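Asks: Could you have a look at this structure, given as structure tokens, before my questions?
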Amino acid sequence: MKEYYGKRFFETDAELLDPRRTAFIVVDLQNDMVHPEGVFGPNPIERIVPSAAQLVDEAHSRGVLVTWLRNTVLPGGRSDSPAWLSYRSRHGVTLDYTVKGTWGHALLDGLAPGPDDVLVDKHRSSGFVGTDLDTILRSNGIETVVVCGCMTEGCVESTVRHAAFLDYYPVVVEDVVASNTPALHDASLTVMRSQFRVLSASEIVASWPRAS
């Protein structure tokens, strides 16, 4: 621990990643985002899926709260304001992706939430906007959020930054985040390394003691 102004805060990985106060957040590993037949597929994101599944298993075995975020578009654009439609149209693909109730909205095969996991549908890049994610995390004594998934420069970075603004300790899983645009992935990681803790999956698992 370090202390400034009479306030103590976490310093080491072990302190920051204590399973009793850590949530593992998996961002948008859905069919439309990742699957070769999805709207954004095929793309480099596929390579992180086995590692994400393994980290979920490690989190479960250590008593870490696992939270799944799903990008969610309501049919007919009911979840989109004009400004948000403008933003989404910059991606250069159909706006009908991850539509609720469709195959594209579903999580990838092999990434089904466990019975005690939390599943949050979000309509914006940050998992905290218009959702009950903050309430759920605080209700479970969570202080640190470990974030993996896609897109690195989009929903991952947005969720990481928002978590920091809400006074969580954010940790980015360096080798389990990805984008369909590698240059933006690299740029986002460069920026996040300057602001937040960015660790490999193996470093994170090494700091998670087995649950008793």
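Yes/no matrix, rows are residues, columns are (1) under 28 Å from Ala183 (Cβ atoms); (2) within 18 Å of the chain's Cα centre (by Cα):
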position: Glu37; (1), (2): yes, no
position: Leu55; (1), (2): yes, yes
position: Ala59; (1), (2): no, yes
position: Asp80; (1), (2): yes, no
position: Asp134; (1), (2): no, yes
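Asks: Out of the residues in the stretch 61-75 that are over 17 Å from the mean Cα position of the chain (by Cα) and crowded, with 16+ Cβ neighbours inside 10 Å, state the one that is nearest to Thr144 (Cα to Cα). Write out each step before concluding.
Replies: Here is the first cut: in the stretch 61-75, the ones over 17 Å from the mean Cα position of the chain (by Cα) are 61-63, 73-75.
After this cut, where a residue has to be crowded, with 16+ Cβ neighbours inside 10 Å as well, the list is 62, 73.
Working: Arg62: 15, Val73: 28 Å.
Checked the stretch 61-75; the qualifying residue nearest to Thr144 (Cα to Cα) is Arg62.
Asks: When the stretch 193-212 is examined, which residues are found to be farther than 20 Å from Ile142 by Cβ and either among the aromatic types (Phe, Trp, Tyr) or in contact with a strand residue (DSSP E or B) (Cβ under 7 Å, 6 or more places away or on another chain) (or both)?
Replies: Ser200, the sole residue that qualifies.
Asks: Follow-up question, since we're still on this one. Of (1) in a helix (DSSP H, G or I); (2) of a type outside the set (Asp, Glu); (3) surrounded by fewer than 17 Cβ atoms within 10 Å (Cβ to Cβ), Val56 satisfies all except one. Which?
Replies: (3)
Asks: From the residues in the stretch 10-21 that are in contact (Cβ under 8 Å) with a residue 40 or more places away in the chain and surrounded by fewer than 24 Cβ atoms within 10 Å (Cβ to Cβ), which one is farthest from Pro113 (Cα to Cα)?
Replies: In the first step, residues of the stretch 10-21 are kept if they are in contact (Cβ under 8 Å) with a residue 40 or more places away in the chain; the result is 10, 13-14, 16-21.
Restricting the remaining residues to those that are surrounded by fewer than 24 Cβ atoms within 10 Å (Cβ to Cβ) gives 10, 13-14, 16, 18-21.
Details: Phe10: 29, Asp13: 26, Ala14: 26, Leu16: 24, Asp18: 22, Pro19: 18, Arg20: 19, Arg21: 20 Å.
Among those residues, the one meeting the criterion is Phe10.
Asks: Among the residues of the stretch 143-167 satisfying the criterion of being in contact with a helix residue (DSSP H, G or I) (Cβ under 7 Å, 6 or more places away or on another chain) and surrounded by fewer than 20 Cβ atoms within 10 Å (Cβ to Cβ), which is nearest to Arg8 (Cα to Cα)? Before the answer, list the steps.
Replies: Filtering the stretch 143-167 for residues in contact with a helix residue (DSSP H, G or I) (Cβ under 7 Å, 6 or more places away or on another chain) gives 143-150, 152-153, 157, 160, 166.
From the residues that got through so far, the ones that are surrounded by fewer than 20 Cβ atoms within 10 Å (Cβ to Cβ) too are 143, 166.
Values: Glu143: 13, Leu166: 17 Å.
Among those that are in contact with a helix residue (DSSP H, G or I) (Cβ under 7 Å, 6 or more places away or on another chain) and surrounded by fewer than 20 Cβ atoms within 10 Å (Cβ to Cβ), it is Glu143.
Asks: Looking at (1) in contact (Cβ under 8 Å) with a residue 60 or more places away in the chain; (2) more than 21 Å from Pro44 (Cα to Cα); (3) touching a Cys at 6+ places or on another chain (Cβ under 8 Å), find the lone condition where Ser126 falls short.
Replies: Of everything listed in (1) in contact (Cβ under 8 Å) with a residue 60 or more places away in the chain; (2) more than 21 Å from Pro44 (Cα to Cα); (3) touching a Cys at 6+ places or on another chain (Cβ under 8 Å), Ser126 misses just condition (1).
Asks: Scan the stretch 177-198 for residues that are closer than 16 Å to Gly127 by Cβ and of a type in the set (Val, Ile, Thr) and jot them down.
Replies: Result: Val177, single match.
Asks: Another question, if that's okay. From the residues in the stretch 76-128 that are touching a Pro at 6+ places or on another chain (Cβ under 8 Å) and assigned to a loop (DSSP other than H, G, I, E, B), which one is surrounded by the fewest Cβ atoms within 10 Å (Cβ to Cβ)?
Replies: Gly101
Asks: Please identify the pairs in which a residue from the stretch 164-187 that is free of Cβ contacts under 8 Å to residues at least 40 places away in the same chain has its Cβ atom under 7 Å from the Cβ atom of a residue that is aromatic (Phe, Trp, Tyr) and not in a helix (DSSP H, G or I), counting only partners at least 6 apart or on another chain.
Replies: Ala164/Phe196; Leu166/Phe128; Pro170/Phe196; Val172/Phe196
Asks: Within the stretch 111-125, can you find the residues that are more than 18 Å from Arg78 (Cα to Cα) and not aliphatic (A, V, I, L, M)?
Replies: Pro113, Gly114, Pro115, Asp116, Asp117
Read-outs: derived from the displayed coordinates by stated rules, not from any lab. Treat the numbers as computed from the prediction; the structure is a model and nothing was measured. For neighbour counting, all protein chains shown are included, and Cβ atoms are generated from backbone atoms with ideal geometry for every residue, glycine included.
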